[in-house]
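Read through the structure below, which is laid out as structure tokens, and then see the notes.
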Amino acid sequence: MTVAAIAAVVGIWILPQKLAYRKAKFTRYPEFGISIPENYSIHGIDVSKYQSTIAWDEVKAMKVKNIRLGFAFIKATEGIGNTDPRFKRNWKKLKETGICRGAYHFFIASKDGKMQAENFIDKVELEPGDLPPVLDIEQLNGTGSAQLRKEAKRWLETAEAYYGVKPIIYTNVDFYNRHLGSEFDGYPLWVAHYYQPEQPRISRGWIFWQHSDQGRVNGISHAVDFNVFNGDSMNFKLLLVR
């Protein structure tokens with residue numbers, strides 16, 4: 001057998017192995033693997049580089065009972081100069097699959113809020129039908145609450161001026177009560193409070209609730225955060241960028 005013939009045979013054997021590997025990588029699950037608050041009509045997830053490469057067509061096609069995933073927030077940026085390495089692909093694929101998309105910035109309280117907003121603005125082009133920008137605030141990073149609030153406001157004001165829409169704040173119940181509070185009550189809230197049966201325990205209004213970090217979704221090989229929207233399809237549509 002010639003060298004060319006041997007190479008062809010080897011190539012024929014290797015190619016199916018590669019395809020099988022790629023296909024097996026995207027596990028399918030019989031259900032979401034968590035308790036779902038079924039009294040909400042709009043469900044979604046949020047992801048970052050930690051979910052690795054995602055098969056978004058598999059995500060869109062998954063249906064358990066009457067629940068499909070209608071939106072996804074993806075990490076875009078962090079601090080002044082960092083970009084999530086999966087952002088560009090996730091952002092593009094979400095648009096192609098038709099899942100409503102949103103982008104968030106992971107806030108570093110010890111760094112300049114305006115410069116962090118400019119990092120986000122440089123990477124994220126919002127289009128009609130996208131969700132508003134999100135500021136993810138979870139840590140003090142060695143600063144005090146007053147400094148955090150000052151820089152967070154600078155981010156929020158810069159982003160709102162650029163995009164023409166009020167940004168959403170993401171945080172957990174305890175962090176909001178301790179470090180943000182009434183000064184930020186005018187912003188839409190996406191709140192994390194896990195393993196609650198019906199709703200997060202927070203006194204102010206909220207629009208998204210992250211209720212679990214252990215969900216399973218077709219096309220994603222790692223655990224995923226699950227969320228619900230606090231409203232119907234008309235309320236959801238009114239939230240989107242125009």
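Values in this text are rule-based calculations from the coordinates and carry no lab data. Keep in mind the model is a prediction, meaning the values are calculated, not measured. For neighbour counting, all protein chains shown are included, and Cβ atoms are generated from backbone atoms with ideal geometry for every residue, glycine included.
Between residue 223 and residue 203, take the C-beta separation as r, use R0 = 30 Å, and let me know the FRET efficiency to the nearest 0.05. Before the final figure, lay out each step's value.
Details: r = 30 Å, r/R0 = 0.99.
Efficiency computed from Cβ-Cβ geometry: 0.50.
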Practice problem: Just flag the GluC sites (Glu not before Pro) in region 26-108 sitting in loop per DSSP whose Cβ has no more than 15 other Cβ atoms within 10 Å. | Solution: 31, 38
Quiz item: If each residue's Cβ is checked for other Cβ atoms within 10 Å, how do 105, 222, 193 rank with the fewest at the top?
Solution: 222, 193, 105
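For the chain, just run the numbers: alpha carbon Rg, then divide by 2.2 N^0.38 Å, N being how many residues it has.
Working: Rg = 20.3 Å, N = 242, 2.2 N^0.38 = 17.7 Å.
Expressed relative to 2.2 N^0.38 Å, the Cα Rg reads 1.15.
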Quiz prompt | At least 20 Å along the helix axis (C-alpha) and Kyte average at least -0.5, DSSP helices within the chain | solution = 3-25
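Give me the percent relative contact order of the chain, please, defined on Cα pairs under 8 angstrom at least 6 residues apart.
Numbers: 459 pairs, mean separation 58.4, N = 242.
For the chain, the relative contact order is 24 percent.
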Self-check item: Segment residue 64-residue 138, extension gain: residue separation times 0.36 nm, minus the distance between their alpha carbons
Solution: 23.5 nm
